[in-house]
Amino acid sequence: MNILIVGSGGREHAIAASVKKSRKAEKIYCAPGNGGIAEIAECVNIPAMEFEKLADFAEEKKIDLTIIGMDDPLVGGIVDVFEERGLRVFGPEKKAAIIEGSKSFSKDLMKKYGIPTCNYQTFHSPEEALLYLEKVSYPVVLKADGLALGKGVLICNTQKEAEAGITTLMLDKQFGDAGNTVVIEDFMTGREVSVLCFCDGTHIKPMTSAQDHKRAKDGDKGLNTGGMGTFSPSPFYTDEIAKICEETIYQPTMNAMKAEGRDFTGILFVGLMLTADGPKVLEYNARFGDPEAQVVLPRMKNDIIDVMEACIDGTLDKIDLQFEDNAAVCVILASDGYPEKYEKGKLITGLENFHDKEGYYAFHAGTKRTEDGIVTNGGRVLGITAKGNDLKEARKNAYEATKWVSFENKYMRNDIGKAIDEA
Ligand code: GLY
C-alpha cells in the first residue's frame, strides 16, 4: 500500500515508524514531514492545511491510505475533503473532530450524557466571565474554546490571576478566535492519565495508558507546553480503573457521539484525572497525543495499518489490540526558552547513535535537514524514547540516551517519570 501521513512532529515520526513496520506498507510519504521522518518516508512540501492540494497528491500518487496526525486539519475538515473525493483516510470527520475543536461542545456532551467530568460554565463575553470569577472558589481552570497549540489552558490560583487570564484569552486574543468563547472549570486534583483509543464509529479500543508532563520546568513548574515527556504504562491506571473508564467514559462517549449524529472514527485521546471520586474526563482530543504516541506506539504489537483499516471499515471489534508487557519513557529535548522565545538552526550531532539500536528512538519534532546536517527548527526538537522491562529501567535508559545527542541550547526536564517512584 502507498501511505501518506499528514503532519510534521514527533507524533507523526512515531506514526511513520509504526507504519514502516507494517507488512502492508510499501511507499510512505509525509506532508510536510521533518528531518527525521525524511529517513523513512518521502517528505512532500505541502502544508497540512492545504486540503485540496493534499488530495490532489493522494490521487496522483495512488495513495491507498492517508493518516491525519494533526489536530488543525482534522478540526478544519480534511477528512471530509478526502472522503468527498473517494480517498481512503484515517481520522474523524469535521463534525466529530469538534470534540477537540470546541471545549464547550465536549463539556456539554459530557453533561448531556452523564460522562464524569468537573463542573463548568461557558462564557462568550469577558464581562460575564469576570462577574462569574467574583463568586467561584479558587483555583479555577480557564480554557480557550478552540485550538490553541495545547497552550490555551490556564490554571489560576487567585481571582487576580483569573482576571488576567480572561484578558489574555478574550481581550488580547493571544490565541486568536480560539478565545472568543472561554470555559471556566473547577480545578480537579489527582493523577493525570492519557488513554488513546482506536474508534470505528461504534466500537472503541483503548490502548495502553501514558502520562504526560505538560509544564516546562521540573516539579511541574513553569508554563504549559505541548508536553515535555511521557511514560507508559501509568502504574496508577489499574485494571479496576480501566474497567470503570470503559464502562463510564469510553463506550458512553462513542454512544454519545453516535446519538448526536457525529460518529467518531480515528483516535480519541481521553485525558483523565483520577480523582478521589473516581476517574473524570479532563479533555478529549481527536488524534494521537504528542508525546504520548512516542511511548505508546513503540509498545504496540499489532500491525498499525490493520487496526486503522478496521477503524475505517467498522470492524474494530474483530481486532485483538495488544501491547508489549514492558514500559517506555520519552524525554523531550527542547530549545532553551520554549515555549516562549527560543533560537533555531542549531546543528544536532549524535543522532547516528540511535541507528539500529533496538528499543531506543530519537523521534524528530522540530528539526530540518540542511546541507550542514540536521538542525533545530522548533521549540520541541527531539523525543528521546527508550524501552525497558519496567518503568524504572525505561527511565534510566531514556535519560542515558539523552546524552547521545548534542545541540546548542539543549533543554530538558530532569524529572520525567518521577511519579513512578510514588507508585
Ligand atoms: N500531550 C498532550 C497532547 O497531545 O495534547
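The values are calculated or read from the model by the stated rules, or taken from the named source; none is laboratory data. Small disclaimer: the values here were computed from a predicted structure and weren't measured. Virtual Cβ from ideal backbone geometry, glycine too; neighbours counted across all protein chains shown. Please note that ligands, DNA and RNA were not included when accessible areas were found on the heavy atoms of the full protein model with its side chains. Shrake-Rupley method; radii C 1.70, N 1.55, O 1.52, S 1.80 Å.
Can you tell me which residue in the range 213-237 is modelled with the highest pLDDT, limited to those that are away from the ligand (no atom under 14 Å from the Cβ), open to solvent by less than 60 Å² (accessible area, probe 1.4 Å) and under 22 Å from Tyr411 (Cα atoms)?
Looking at residues that are away from the ligand (no atom under 14 Å from the Cβ), open to solvent by less than 60 Å² (accessible area, probe 1.4 Å) and under 22 Å from Tyr411 (Cα atoms), I get Gly219.
For the range 71-110, how many residues meet the condition of being among the aromatic types (Phe, Trp, Tyr) and farther than 22 Å from Asp56 by Cβ? Steps first, please.
Filtering the range 71-110 for residues among the aromatic types (Phe, Trp, Tyr) gives 82, 90, 105.
This time we only want the ones that are farther than 22 Å from Asp56 by Cβ, so: 105.
Number of matching residues: 1.
Scan (1) open to solvent by less than 10 Å² (accessible area, probe 1.4 Å); (2) of a type outside the set (Val, Ile, Thr); (3) within 16 Å of the ligand (Cβ to nearest atom); (4) out of contact with any Ser or Thr (no Cβ under 9 Å at 6 or more places or on another chain) for the single condition Arg287 breaks and write down its number.
(1) is the only condition that Arg287 fails.
Output the number of residues of the range 379-394 satisfying the condition of being crowded, with 20+ Cβ neighbours inside 10 Å, over 15 Å from Arg299 (Cα atoms) and not β-branched (Val, Ile, Thr).
Looking only at that region, the number is 4.
Quick one: Gly266 ticks every box in (1) within 16 Å of the ligand (Cβ to nearest atom); (2) within 30 Å of Tyr411 (Cβ to Cβ) except a single one, so which number is it?
All conditions are met except number (2).
Among the residues of the range 254-268, are any at pLDDT 95 or above and under 18 Å from Lys20 (Cα atoms)? Reasoning before the result, please.
Of all residues in the range 254-268, those at pLDDT 95 or above come to 254-268.
Then keep just the ones that are under 18 Å from Lys20 (Cα atoms); that gives none.
Checked against the condition, which is being at pLDDT 95 or above and under 18 Å from Lys20 (Cα atoms), the range 254-268 yields no hits at all.
How do the helices (runs of 4 or more DSSP H) wholly within the range 1-115 filter down when requiring 1 or more residues that are out of contact with any His (no Cβ under 7 Å at 6 or more places or on another chain) and closer than 30 Å to Leu142 by Cα: which remain?
10-21, 71-76, 78-84, 94-101, 103-113
Specify which of the listed residues (Glu192, Glu240) is modelled with pLDDT of 95 or more, more than 16 Å from the ligand (Cβ to nearest atom) and surrounded by fewer than 23 Cβ atoms within 10 Å (Cβ to Cβ).
Every option except Glu240 fails the conditions.
Consider the range 342-356. How many of its residues are at pLDDT 95 or above, loosely packed, with under 14 Cβ neighbours inside 10 Å and over 13 Å from Tyr411 (Cα atoms)?
Of the residues in that region, 6 qualify.
Looking for something within 16 Å of the ligand (Cβ to nearest atom), touching a residue at least 12 places away in the same chain (Cβ under 8 Å) and crowded, with 21+ Cβ neighbours inside 10 Å - is there at least one such residue anywhere in the range 249-260?
Scanning the range 249-260, I find no residue that is within 16 Å of the ligand (Cβ to nearest atom), touching a residue at least 12 places away in the same chain (Cβ under 8 Å) and crowded, with 21+ Cβ neighbours inside 10 Å, so the answer is no.
Of all residues in the range 70-127, which are open to solvent by less than 20 Å² (accessible area, probe 1.4 Å) and within 16 Å of the ligand (Cβ to nearest atom)?
Pro73, Leu74, Gly91, Pro92, Ala97, Ile99, Glu100, Gly101, Ser102, Ser106
Within the range 31-59, track down each residue that is polar (S, T, N, Q) and surrounded by fewer than 21 Cβ atoms within 10 Å (Cβ to Cβ). It would help to see each step written out before you state the result.
Pass one, the range 31-59, residues polar (S, T, N, Q): 34, 45.
Within the range 31-59, just Asn45 meets the criteria.
Can you tell me which residue within the range 405-423, out of those that are assigned to a loop (DSSP other than H, G, I, E, B), open to solvent by 60 Å² or more (accessible area, probe 1.4 Å) and modelled with pLDDT of 95 or more, is farthest from Thr349 (Cα to Cα)?
Asn414
Within the range 303-331, work out how many residues are open to solvent by 30 Å² or more (accessible area, probe 1.4 Å) and touching a Leu at 6+ places or on another chain (Cβ under 6 Å).
Looking only at that region, the number is 0.
Looking only at strands (runs of 3 or more DSSP E) that lie completely in the range 289-398, which have at least 1 residues being in contact (Cβ under 8 Å) with a residue 60 or more places away in the chain and under 22 Å from the mean Cα position of the chain (by Cα)? Spell out the reasoning first.
On the way: elements: 327-335, 360-364, 367-370, 373-376, 380-388.
Output list reads 327-335, 360-364, 367-370, 380-388.
How many of the residues making up the range 147-175 are in contact (Cβ under 8 Å) with a residue 60 or more places away in the chain and in a loop (DSSP other than H, G, I, E, B)?
4
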